[in-house]
1. If R₀ is 35 angstrom, what is the calculated FRET efficiency for the pair N235 and H465, using the beta carbon separation as r and rounding to 0.05?
2. Taking θ as phi - 60°, what are the ³J(HN,Hα) couplings along the stretch 465-480 by the Karplus curve (6.51, -1.76, 1.60), each to the nearest whole Hz, with x for Gly and Pro?
3. Amide H to amide H, which residues 5 or more places from I242 or on other chains are under 5 Å from it, using H placed in the peptide plane?
4. Strictly over 29 Å apart at the Cα level, which of K38/K299; K32/K127; K32/K307; K265/K402 would you flag in this model?
5. Rounded to whole Å, give me the distance from the Cα center of the stretch 250-306 to that of the stretch 124-174.
6. Could you work out how far helix 360-371 tilts from the main Cα principal axis of the chain, as a 0 to 90 degree angle to the nearest 10?
7. Stretch D68-S213 to full length: gain in nm at 0.36 nm per residue minus the Cα-Cα span?
8. Let me know the charge dipole size of the chain about its Cα centre in debye, to the nearest 20, where only the beta-carbon of Lys, Arg (+1) and Asp, Glu (-1) is charged.
Amino acid sequence: MKRTLKRTLTSLAVASAIVAAPLAQATNGYFKIGYGSKNRGMAGAGMAYGQDSLAPSINPAALSGMGDRFDVGVELFNPQREGTVDATGMSVPDLDGAGPATALSGSKASANSGATIFAIPNLGLSKDLGNGLTFGFSITANGGMNTRYNQNLYTNAVQTVIGQSSNNTFPSPPNPTGPSGFAGFLEVNLGVNPNNIDAAMGQLLSNPALGPSLGVNLAQLLITPTIAFQIGQHNAIGFSPIIGYQRFRAYGLGLFEGFTSKPGKVTNNGDDDAWGIGARVGYQGTFGIFSIGASYSSKVYMQEFSKYEGLFAEQGDFDIPSSYGLGIAITPTPSLTIAADVTRINYSDVAAINNDGPTANQFFSAFAFALSGGTAPGMSVSNPLGTDNGWGFGWDDVTVYKIGVNYEYNSQWAFRGGFNYAQSPYDDDQTLFNVLAPGLVEKHATAGFTYSPTPDSGITVTYMHAFRNDQSYTYAGSGGFTGFSFETENAMQQNAIEISYGAKF
């Protein structure tokens, strides 16, 4: 009884730590490559090969036959993210012709994201109920839209080209007399009343969310109670309701306040959270040395982020995408298992993730609209943030390929290795907004081991390296914006080490 109580209290403590922890994963988009130290040691390949009580996070049927056990672990995750916004191509010459000349251009802003170490716990439990039934639950985490720049890349890149109208009111201290920069371009080239420009600039430049830092944080917690049923000797099915919790905050996005349908609901509103529900079903079959597995996870329907309904499409809606996959495992000898999975993540389920960000002309038009207070002729915000078609991160569905090996060296030692690959979820022309969420790593290599001091317990250690990937794009204007351009670049690499303890009881 005391042992059971102790385990229960430990489980609750770990669960509380997960809820409180700052989560920052970014591997297959923002889905983890795998769940649990053993599975991650095989690069996430586990659809047909469950190894511990966290298996339902991949395939609920893999819990069948797991017996009575618990697993608890923590991952130390080290993402290294880089962002660049180079607006030197937004160059405006002297406009009044009277001198002294004031030619302005944007600047190049580049920084590495801070907050590079995260401790992320996980927890699993399974219980044999007899008659072919196994019950369990797991608590795991997703996330990945996390950056923390010590400078405001958007503001610092663009602010130097904003300039002033002929009223010489902004900036403070003002530039030499005469219209200059993008504000002057609106007055001289498009005929915007300078008083309208000054009013709009006064509102924009007084926004504290223009700086001095920039970042977002999305954390997702998934709780999956599971029931698995053994059908005969060779087949099993499983079902898991998915209880989702997520937390989000954004800061430093003041430059985009003029691009939204809901001013005041874009940035610097602190943490907002949401709960949701979904489901996962799975199948696993074993036929001699072969095992096969399949699983489908529905979209997890989440409450809207009301504090950020002017940032995310569909009025702050941010559901968790559906996914599905197939896997096979081969055990040619009692000590060797080779597993491979193919998984599809449907980021297109979620408009806030899937909707494209602005093109060059759309950005310049929106910028002109905001700086003119909506009076610049022919200028508009084509897809206002927060609307159903509002600009998003431009993430596409991705297919993930996983292969892993497990080798039982003896009764005390087991060794693992694996490789995981998925293309970056977004194209190069989506790098503007993904400065905030550079989930673009593609190749992951993993290695790990388990040491079992007794037949009923084991300590597992896993290391993962995600190789550096970078994407860049030049947003070049056309038509009336010919000659204006800016460049953006995203880059990331990752390291992680996870340690866990598992025991049968």
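Read-outs: derived from the displayed coordinates by stated rules, not from any lab. This structure is a prediction, so every number in the text was calculated from the model and none was measured. Neighbour counts run over all protein chains shown; Cβ positions are idealised from the backbone, glycine included.
1. Plugging the Cβ-Cβ distance into 1/(1 + (r/R0)^6) gives 0.40.
2. Running phi through 6.51 cos²θ - 1.76 cosθ + 1.60 with θ = phi - 60° gives 10, 9, 6, 4, 9, 9, 9, 9, 7, 9, 8, 9, x, 9, x, x Hz.
3. The answer is G278, A279, R280.
4. Beyond 29 Å: K265/K402.
5. Here the two parts' Cα centres lie 13 Å apart.
6. Once rounded, the angle reads 60 degrees.
7. This chain segment gains 47.3 nm when fully extended.
8. So the dipole magnitude of the chain works out to roughly 1920 debye.
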